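This report refers to the structure that appears directly beneath it.
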Ligand SMILES: [Cu+2]
């Protein structure tokens with residue numbers, strides 16, 4: 001699914017079960033191809049670069065663990081191998097804090113497989129927002145013969161002082177939140193704006209997923225499934241003519257939005273690069 005359309009058989013998907021991919025192919029009118037490939041391939045739908053912290057709103061100085069996993073979090077599907085990140089930093093009150101020194105390679109175990117992932121640590125010392133930014137290494141997606149690079153932001157707040165969340169971080173591409181991303185209520189609407197090189201992106205395809213199985217920060221595994229993926233697979237919204245989009249968040253949890261192929265870099269090592277913008281927001285039960 002998603003905004004990408006070129007598929008070839010990838011043996012890595014042999015063991016995976018992907019009903020959504022089958023539906024997508026059927027929708028695309030490729031019924032014959034689907035019949036031929038259904039048992040041996042899966043498209044790379046709804047990849048999401050996680051930049052997960054076990055807490056979003058905290059009080060007091062502390063070191064916050066982060067988990068970086070390239071995964072299919074709604075379905076607890078295949079985990080993809082991450083390479084060494086190109087950049088990992090946080091911004092608090094406009095000051096950039098380099099986090100690459102805290103990167104630790106780990107193996108993350110999903111339901112289907114284990115893959116290379118990272119842990120890191122965010123030193124929270126002052127009040128305010130910490131906007132965490134990850135620029136991962138481009139990932140080669142064999143099933144599509146393209147590279148994918150999901151430039152990802154997540155947000156942690158200390159002491160309920162709003163400082164940085166409403167500011168663009170000047171990334172090659174990013175989703176600007178129009179709702180405070182650390183404190184969304186389930187049942188309300190999240191709004192964002194997709195930008196690339198600072199300019200709004202009209203008609204962007206934005207996939208929406210919940211981390212249905214929260215990472216176990218001790219065991220580096222996927223925890224029990226709190227939800228399953230909807231029958232239709234990944235949720236998709238489009239940005240309007242000015243790059244804005246909205247999504248009604250149905251239930252609490254950590255929700256990700258991935259605008260596909262919106263970044264300015266379009267090739268890597270001679271192949272197509274899909275440079276995506278990902279943002280993670282935290283939704284609470286409205287009956288708090
Ligand atoms: Cu995928």
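The values are calculated or read from the model by the stated rules, or taken from the named source; none is laboratory data. The structure presented is a predicted model; accordingly, all values stated were derived computationally and were not measured. As a convention, Cβ positions derive from the backbone with ideal geometry for all residues, glycine included, and neighbour counts pool all protein chains shown.
Within segment 183-203, track down each residue that is in a loop (DSSP other than H, G, I, E, B), touching a residue at least 60 places away in the same chain (Cβ under 8 Å) and closer than 20 Å to residue 154 by Cα.
If the condition is that a residue be in a loop (DSSP other than H, G, I, E, B), touching a residue at least 60 places away in the same chain (Cβ under 8 Å) and closer than 20 Å to residue 154 by Cα, then 183, 186, 188, 197 are the ones that fit.
List the number of the failed condition for residue 233; all other conditions in (1) modelled with pLDDT under 95; (2) exposed (fewer than 14 other Cβ atoms within 10 Å of the Cβ) hold.
(2)
Given the conditions (1) touching a strand residue (DSSP E or B) at 6+ places or on another chain (Cβ under 8 Å); (2) surrounded by fewer than 18 Cβ atoms within 10 Å (Cβ to Cβ); (3) closer than 22 Å to residue 154 by Cβ, and given that residue 274 satisfies all but one, which numbered condition is not satisfied?
Only one criterion in (1) touching a strand residue (DSSP E or B) at 6+ places or on another chain (Cβ under 8 Å); (2) surrounded by fewer than 18 Cβ atoms within 10 Å (Cβ to Cβ); (3) closer than 22 Å to residue 154 by Cβ is unmet by residue 274, namely (2).
Is one or more of the residues making up segment 220-243 farther than 23 Å from residue 169 by Cα, touching a strand residue (DSSP E or B) at 6+ places or on another chain (Cβ under 8 Å) and free of Cβ contacts under 8 Å to residues at least 12 places away in the same chain?
Within segment 220-243, one or more residues are farther than 23 Å from residue 169 by Cα, touching a strand residue (DSSP E or B) at 6+ places or on another chain (Cβ under 8 Å) and free of Cβ contacts under 8 Å to residues at least 12 places away in the same chain.
Given 86, 141, 107, which one is surrounded by fewer than 23 Cβ atoms within 10 Å (Cβ to Cβ) and within 16 Å of the ligand (Cβ to nearest atom)?
141
Go through 186, 202, 127, 120 for me and flag whichever is in contact with a helix residue (DSSP H, G or I) (Cβ under 7 Å, 6 or more places away or on another chain) and at negative phi. Break it down into steps so the answer makes sense when it comes.
Numbers: 186 fails: in contact with a helix residue (DSSP H, G or I) (Cβ under 7 Å, 6 or more places away or on another chain); 202 fails: in contact with a helix residue (DSSP H, G or I) (Cβ under 7 Å, 6 or more places away or on another chain); 127 fails: in contact with a helix residue (DSSP H, G or I) (Cβ under 7 Å, 6 or more places away or on another chain).
Testing whether each residue is in contact with a helix residue (DSSP H, G or I) (Cβ under 7 Å, 6 or more places away or on another chain) and at negative phi leaves just 120.
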